Amino acid sequence: MKKIGLIAGNRKFPLLFAQAAKDKGYSVVAVAIKGDTSASLKKLVDKIYWLSLADFSRLFEIFKQEGITEVIMAGQISPRRLFSKEIGRDKLLKEALDNIKDKRADTIFGKIADMLKDAGFTLIDSTTFIEEFLPQKGTLTNFEPNASLWEDVGFGMDLARAVAGLDIGQTVAVKSRAIVAVEALEGTDNLIKRAGRIARGGITVVKVSKPNQDMRFDIPVVGLNTIKNLIKAGARCLAIEGGKTLFIDKDQSLKLANSKGLAIVAV
């Protein structure tokens, strides 16, 4: 049985990949991050190692010891941990972060990808085995946005792509062609909550990939939790980039969106 290494972050993405890899006949060895990775992952992988960021260097030893050659990264690490003291406790990780030009997502993940390559591992596309969860272009809910919402989608798409091109974030919220909020380190869920408070509902949230998206890491992801937060914020529309956005729990999410009048489109 072929082995594959999984660097598992938070939420359901790592669980989704682990199950898909298992279904394809792969043996999955996971390195899970304490404080971020779901404990449920243990049931879906053949072996799991729990590390803190202070133990980052052990990741390479573990994969070598397990005979791993291909590695995938799925799920995020909480952005706040970028400023935690635990990073300074691992010499390799501290040196890596100290020596990069900036601490944008692409720069950090790109450095980790380079470190894996130098250690003899291949970092593969994070959508491997789960391409079915990437919706293609079209309206996903049972109803279309109205003309006004489509104008906001177009406006938001242009804005989101510009912001993503600078690697600031991948999500924006707009209302009546006004910029309500732009994502940064806080993440999509917090952006939605903030935008809902500012605009008092009626927002359109747009999430895109980067212009030169590296599909090995940091791909845009939405799921049931995203939809619940959009509904709480009084959002009217969610627009994602077709073929490049992972939609987890899609059926359940669309059922909820249809019942609450939230339009969802892939553009």
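The values are calculated or read from the model by the stated rules, or taken from the named source; none is laboratory data. Everything quoted here is computed from the prediction, not taken from an experiment. As a convention, Cβ positions derive from the backbone with ideal geometry for all residues, glycine included, and neighbour counts pool all protein chains shown. These area figures cover heavy atoms from the full protein model, side chains too; ligands, DNA and RNA do not enter into them. Shrake-Rupley method; radii C 1.70, N 1.55, O 1.52, S 1.80 Å.
Data overview
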item: Residue check, residue 153 at pLDDT 95 or above, in a strand (DSSP E or B) and under 20 Å from residue 262 (Cβ atoms); result: no
item: Selection from the range 192-232 of residues that are open to solvent by less than 10 Å² (accessible area, probe 1.4 Å) and either of a type in the set (Ser, Thr, Tyr) or touching a His at 6+ places or on another chain (Cβ under 6 Å) (or both); result: 204, 209
item: Selection count, the range 14-32, where residues are among the aromatic types (Phe, Trp, Tyr) and surrounded by fewer than 24 Cβ atoms within 10 Å (Cβ to Cβ); result: 1
item: Meets criteria (within 24 Å of residue 222 (Cβ to Cβ), out of contact with any Ser or Thr (no Cβ under 7 Å at 6 or more places or on another chain) and open to solvent by 30 Å² or more (accessible area, probe 1.4 Å)) for residue 76; result: yes
item: Residue match in the range 175-186 (condition: part of a loop (DSSP other than H, G, I, E, B), in contact with a helix residue (DSSP H, G or I) (Cβ under 8 Å, 6 or more places away or on another chain), open to solvent by less than 20 Å² (accessible area, probe 1.4 Å) and over 24 Å from residue 74 (Cα atoms)); result: no
item: Among (1) in a helix (DSSP H, G or I); (2) open to solvent by 40 Å² or more (accessible area, probe 1.4 Å) - the single one residue 136 does not satisfy; result: (1)
